[in-house]
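Below you'll find the structure, written out as C-alpha cells, and then a few comments.
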Protein chains: 2
Amino acid sequence: MQVLRIDLTTRSAAAEPVPPTWEPLGGRGLVARILLDRVPPTADPLGPHNVLIFAPGLLVGHRLSSTDRISIGGKSPLTGGVKESNAGGRTGWAIAHLGYKAVLLEGRAPQGTWWVVHVSAQGVRFDPADDLVGLGTYATAARLRERYGDDARIAVALIGPAGERRLRAAGIANTDQDGVPSRLAARGGLGAVMGSKGVKAIVFDPRGGHEPPLADPAAFKAARKAYIQALLAHPQTKTYETFGTAAMVNMCNAFGGLPTRNFSQGQFEAAERISGEALRQLILARDGEGAPAHACMAGCSIRCSNIVPDPQGRAVVSPLEYETIGLMGSNLGLDDLDVIAQLNYHANDLGLDTIDLGAALGVAADAGLWTFGTATQALALVQQIYDDTALGRLLGSGAALTGRALGVERIPAVKGQAISAYDPRAIKGTGVTYATSPQGADHTAGLTIRAQVDHLDPTVQVPVSRTAQLKMAGYDTLGACIFAGFGYAAAPEVVPALLRSRYGWPVGDDVLVQLGRETIRLERAFNRAAGFTAAHDRLPEWMTREPLPPHEAVFDVSPADLDRVWADLA
Amino acid sequence: MQVLRIDLTTRSAAAEPVPPTWEPLGGRGLVARILLDRVPPTADPLGPHNVLIFAPGLLVGHRLSSTDRISIGGKSPLTGGVKESNAGGRTGWAIAHLGYKAVLLEGRAPQGTWWVVHVSAQGVRFDPADDLVGLGTYATAARLRERYGDDARIAVALIGPAGERRLRAAGIANTDQDGVPSRLAARGGLGAVMGSKGVKAIVFDPRGGHEPPLADPAAFKAARKAYIQALLAHPQTKTYETFGTAAMVNMCNAFGGLPTRNFSQGQFEAAERISGEALRQLILARDGEGAPAHACMAGCSIRCSNIVPDPQGRAVVSPLEYETIGLMGSNLGLDDLDVIAQLNYHANDLGLDTIDLGAALGVAADAGLWTFGTATQALALVQQIYDDTALGRLLGSGAALTGRALGVERIPAVKGQAISAYDPRAIKGTGVTYATSPQGADHTAGLTIRAQVDHLDPTVQVPVSRTAQLKMAGYDTLGACIFAGFGYAAAPEVVPALLRSRYGWPVGDDVLVQLGRETIRLERAFNRAAGFTAAHDRLPEWMTREPLPPHEAVFDVSPADLDRVWADLA
C-alpha cells in the first residue's frame, strides 16, 4: 500500500511508500502516528500546517461486518489536541481498494477558492467547486453523484456550510451505501479543517482497484466466519437491529444518566416518547421510505441504522441515533421524535456534529436565549446557522464556545468538546473516559454503561474506563465499529487471527489491547506537545458540585484516580 | 496589617493576620502568592472557588507619585491562568489606609442576588444592589456617591453590565480622584469574576484609618525626595504630561508597529489625526471640561491622564489612552478622535477592556460583520453589547472567542488575551513579552519599545524582554505605575531605600528585580498547575507567517529562544 499526499497549496499529489513506523497501525492509531510525525503540535488547526488524514483501519476493505470504517483525523480546532473521528459508509472501503493506507490533505488552497478532489486509480484531479459553495451536504452529494456517477463503490467525503465557514463543531459527511451523506465523522471540528484547506468534497472512485491482499486467505475466511457467528449470536446484535442505538434511551434514563435540559436532570419525564421502542413504532406505523433497520455500509450484519420518515412517509433523516436523541431531545426538553429528526436533518445538512450542536442549544437555553421544549424556537436557532448570523456561527462553534460567550456556567464539555448522552455523574466510569481520553469528551472512546459495576461508586471506575478505552482505541485502529466489538469480544481469538491472516504478522493474543495502548500513548504524546497536562484531564468543575437528580450524585472520582488512568503511559 | 476575607456565600467577613509568606509581597506578587495558596489551579474562574483579590502594592498608601496603584487579581476567565490587573485611582490608597494588606472576595452569592460590599473602619456590610443591576459604571458610581458620600478619600471598585453578565473581557472600574470610575483594572476578565460573586461594587471608606506605619520616617522622606527629583527631571515625564500616553501613536507608527485594520498593517495612513499632538490640540481648542493633563490619583507628578471633551466642551471620557487609540482607532481604521472617545466611553460604561473589545471589533471586521473605518457600524456593534444580544455577548467576550466563533484566522491574542497596541512583528521584544508573560499578551508586562536595539532583529530580544518583564513585575509588586519607573530607574537607590525605610527590611540593592523574579516564578507555578506549558508561550501562528507592512516582517524569534526566557525559573 501507499500513502497519498495531496497538497492543496500547489494542487499536486504524490503517492509515497508507507514509512515503516506507520505499517503496524491503521485508523485511529495511524492518525496519532501521522500527527506526531507531520504536524507541529502548536500548529493552528485551521492553518496550512495541519494535515487532514483519512486512514482506513487495519482490517478495512474486506466487507467484514461493521469493520470498514474510515478514521478521519487531524489537530482538532475544537480541542486543540489530537482528533480522530470515525464513520461508516463507503469511504474506508474505497480508500483501501485504491491501495492507500492513508490519504493526507496538506497545505491549503488560496483563501476563497474551493475544490473537489477526485481520487481514482487514474490519479488525483482538482475540479473547481465554486458551484457547490454554500450548499448543504445533501444537495452537494446529489450534485456530485450527477457529476461523478452513482456507482455503488464511489465514496464521497464532503462538508456543508459549517465546514466552509470553519465552524469548530463541523464534521465531515461520508456517503452511505445508498449514496446519502449521512455518515458523519462528526466530532472535533474536522469539517472546519477540510474547509480551511478549501476542499468541499473528496470523491474516492475505487473502480479498477483491488481488495487489499491477504497473507493467508483460508485462515482469514475462517476467522471471518467465527467472527460473524459470534456477532450474530450476541443478544445485543438483535437489540440494535430492532431498536437501533435508540435502545439506549430507556436504559440510560433508568440509570438516571439521560441528559435532560442541559444536563440539569438525569431522567426525562417524556423518555418513553423518544425511546427506541417509540422510534420503531413511529417508523413501522408510517408507510413509505422509513426503515427501522438499515446498514450504513455494505456487509454489516447489525444494521443499527434506520431511516426516519415524516408522517407522509418521506425520509427525513438516516440514521436517528441515541446521541442525537439525547442531546437534541431530552437535553433540550423536546419529546417529539419528528422534531428531533428535523433538527438532526438540519445538522447533517449543515455538516455539524449533533452532539456539540445539541449541547450548544442546551447551553443557549440555560442562557435564556430560548425556552427548553419549544420546538419552533430550537428550529429557529438552527435556521440562524443557515443564515450565517453571528449567533449561528457561535452555535455552530459548539457548546464550549457558546457557553463561554453567553456566560453560562453549566457547560457540558471536556477539552472543549461536548459531553455525549451519558451524564458522567450517573455513569461515572464514562465520566473517567470523558476526562482522560486524549480525544476530549467522547462516549465512543470508552463507554462503561454495560460494565457490571455500581456506576455511582467513584472508587471502582478507573479500571473499568481504562479497559474500555484501550479496547475502543484498538477497535478504532482496526476500523471496527463499537458494536462489532460484541462479536470480537465474544470470540477473542478472532482479532489476532484476522491480523495474522491479513498481514502475516506474528501478533500476540492481546494485540487488540496492545494496539489500543500504543494508540493512546501516541495520542497523549501529541497532546502533551500541544500543551495538554493533567489539569485538562478533568470534568467541568460544576459537575463536581452540582448534584444530578434523581440520584443527587456529583462526579467525585478523585483527581488522583484520574491521573492514575494513564500513569503507566507517562 | 491584616487580610480581610469577605465570604459572599455566607455574607460574612473576617480580618485575619497576614501569613508570614505573604509579608514580603504586595500587589502583583501577592496576587500570585495568594492564588497559589488559596485557589485550586483547575478551579472554574467563574465558580465559587476562585478568589478575587485586591492587593495594594508594597509602597501604596503614602501618596508617592504614581505609586498608589491597586492590583486586582484572580484566576482569569479569559486566559485560565494567573491574572493581575492594576489601576490607579483611589482604591489602593484606601485599602492601605484601612490597614489591609489584601482584601479577598471568596465564595459567591446566590445566583441572581447582587450586593454592594461596604468596607470601612467599622467593618464590612452587605447592602442590596438590586437597584444598580444593569446600570453602567458611570451611573452606578453616581448613585453610590449619593448613597455613601463623596468624600475624596472614599474609593469605589465596581462593574458594569459586562461584569454582571460575566463577559470575559469585563474589567473592574475604580474611581479616580474626582470620583469618576475611569480607572479600569481592565484586563483578563476580572470584572466577570466580580460579577460571578454577585458583587456590583465595593466601597472602601478609609475614614478613621491611617497611613501605613514607617519604620524610618526620615529615611523614607529622603528617598521620596530623591525619587521625585529624578522623576521630574526625566524628559519622558514632561512628554507624558503634555501628550499623555497618546504620544506613542507617532512613535509606534514610525516603527511600523501601530496595529491597523486588525493587525494587517503596521502603519496607519491617518496616524497624524489620532496622534498625541492631535489629541492635545483637540482638547485645547475646545473650551469646557477638557484637560490635556490630569492625575488619576492624588499626588501624581506625571499626570499622563486627560479629559477629552466633545465639540461642546462636555467631558466625554477620561482618560483616552494610547492603547485605546491603537485598538479602537487605527486597528479599526477609524481616524476620528471623537469617535474613538465615544467608543472608549461606552467600553468604560459597560465595564469592558478597550484592548480586548477593540481587538474583537477588528476581528469582527475581518469576518465581514462590518467595514473598517465606518464609525456608525462600530458604534452599532457596541450598542449590541448594551442590548445584550448574542453578538454583543460574543464581542464582550474578547477577541479570541470572537475570532474563534467567527472563523477568523487573524486573531491577535496570546493565552486568550488580546495583543495590545504594539505589533509584535515590528517590536519583537514586546512580542517575546506577549508570548512568555504568565499574564497573556500585555504590554505593561514588559514593553521594549524604548530599548536601544534593532526591534526587527529576532536574535537580540530575549534579554531585552526578560529585563523589562522582571522590572515591571517588580514595579507591579510595589504599586508603581509604568511611568513611575522613569524616576525609579533614574535613581536606582530609591526603591531599596523606600522599602528599607517603610518596612525595616534589609533588602538588597537589586530588590526590584528580585521581587519581579519571585513574582514571575510564583505566577508560572500557578499557571503550570493550571495546565500551561511551553506550548502556550507562543504568538499566534499566523504572525509567524504573515508579513506585516511596511517592514514585511514576521515574528521569527525562535521557539527555543522563547523557552529560554524563563528557563532558570523552571
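Every number here is computed from the coordinates shown, using simple stated rules; none is lab data. Just so it is clear, the model here is predicted, and its values are computed rather than measured. Because the Cβ atoms are built from the backbone with ideal geometry, glycine has one as well, and the counts that use them run over all protein chains shown.
Descriptive notes on the structure:
- Given R0 = 25 Å, the distance between the Cβ atoms of B:Asp454 and B:Ala254 translates into a calculated FRET efficiency of 0.95.
- Nearest-0.05 FRET efficiency for A:Arg38 and A:Leu569, computed from C-beta distance (R0 22 Å): 0.50
- The 3J(HN,Hα) values that the Karplus relation (6.51, -1.76, 1.60; θ = phi - 60°) gives for segment A:82-89 are, in residue order, 4, 9, 10, 9, 10, 8, x, x Hz. Gly and Pro appear as x.
- Among the GluC sites (Glu not before Pro) in segment A:464-570, those located in a DSSP loop and surrounded by at most 13 other Cβ atoms within 10 Å of their own Cβ are A:Glu493, A:Glu552.
- Loop GluC sites (Glu not before Pro), segment A:269-345 (other Cβ atoms within 10 Å of the site Cβ: 13 or fewer; DSSP): A:Glu269
- Between B:Glu546 and B:Gln383, the C-beta separation translates, for a Förster distance of 41 Å, into a calculated FRET efficiency of about 0.85.
- Structural descriptor for chain A: relative contact order 16 percent, calculated from alpha carbon pairs under 8 angstrom and at least 6 residues apart.
- Label-point separation in nm, A:Thr113 to B:Glu23, each point 7 Å along Cα→Cβ: 7.0 nm
- Antiparallel %, DSSP beta bridges [both residues in the protein assembly as shown], to 5: 75 percent
- Sparsely packed trypsin sites (Lys or Arg not before Pro) within segment A:274-326, loop by DSSP, other Cβ within 10 Å at most 11: A:Arg314
- Segment A:476-515 versus segment A:1-50: alpha-carbon centroid distance in Å: 24 Å
- Considering only segment A:2-205, percent of DSSP beta bridges that pair antiparallel, nearest 5: 75 percent
- Within-13-Å neighbourhood charge of B:His118 [Cβ basis; K, R +1; D, E -1]: +3
- Distance (nanometres) between label positions extended 7 Å along Cα→Cβ at B:Leu214 and A:Ala139: 7.8 nm
- Label spacing, shortest first and in nm, from A:Val133 to its equivalents in the remaining copies (7 angstrom along Cα→Cβ): 4.7
- Cα gyration tensor category, rounded, prolate or oblate, for the protein assembly as shown with a/c compared to 1.5: prolate
- Based on DSSP H segments of at least four residues, each scored -39500 (n - 2.57), chain A has a per-residue ellipticity at 222 nm of -11000 deg cm²/dmol.
- Take B:Pro20, move 7 Å from Cα toward the beta carbon, and the resulting point lies 6.1 nm from the same point in each other copy, nearest first.
- Above-threshold pairs, the threshold being 27 Å between Cα atoms, out of A:Lys471/B:Lys415; A:Lys200/A:Lys221; A:Lys83/A:Lys471: A:Lys471/B:Lys415; A:Lys200/A:Lys221
- Summed side-chain charge close to A:Ala223 - residues other than A:Ala223 whose Cβ falls under 12 Å, Lys, Arg +1, Asp, Glu -1: +3
- Taking the DSSP beta bridges with both ends in chain A, the antiparallel portion is around 75 percent.
- Backbone phi angles across segment A:221-230, fed through the Karplus curve with coefficients 6.51, -1.76 and 1.60 (θ = phi - 60°), yield HN-Hα couplings of 4, 5, 5, 4, 5, 4, 5, 5, 4, 5 Hz in residue order; Gly and Pro are listed as x.
- Gyration tensor verdict on segment B:358-415 (Cα atoms; rounded if a/c is under 1.5, prolate if a/b is larger than b/c, oblate otherwise): oblate
- Residues whose placed amide H lies under 5 Å from that of B:Ala109, excluding near-sequence neighbours: B:Gly198
- Listed values for segment A:114-124 are Karplus-derived 3J(HN,Hα) couplings in whole Hz (6.51 cos²θ - 1.76 cosθ + 1.60, θ = phi - 60°), namely 10, 9, 9, 9, 10, 10, 9, 5, 7, x, 10, and x replaces Gly and Pro.
- Intensity falloff of segment B:1-152 expressed as log10 I(q)/I(0), Debye formula with alpha-carbon point scatterers, at q = 0.11, 0.12, 0.13 Å⁻¹: -0.44, -0.52, -0.62
- Taking each residue as 0.36 nm, the span from B:Ala222 to B:Arg125 lengthens on full extension beyond its C-alpha to C-alpha distance by 30.9 nm.
- Mean-position separation - Cα centroids, segment B:224-246 and segment B:65-94, in angstrom: 23 Å
- For B:Val317, distant residues with modelled amide H under 5 Å away: B:Val308
- Prolate/oblate/rounded label for chain B (Cα gyration tensor, a/c 1.5): rounded
- Inter-copy label distances at A:Leu569 (7 Å, Cα→Cβ; nm, one decimal): 3.2
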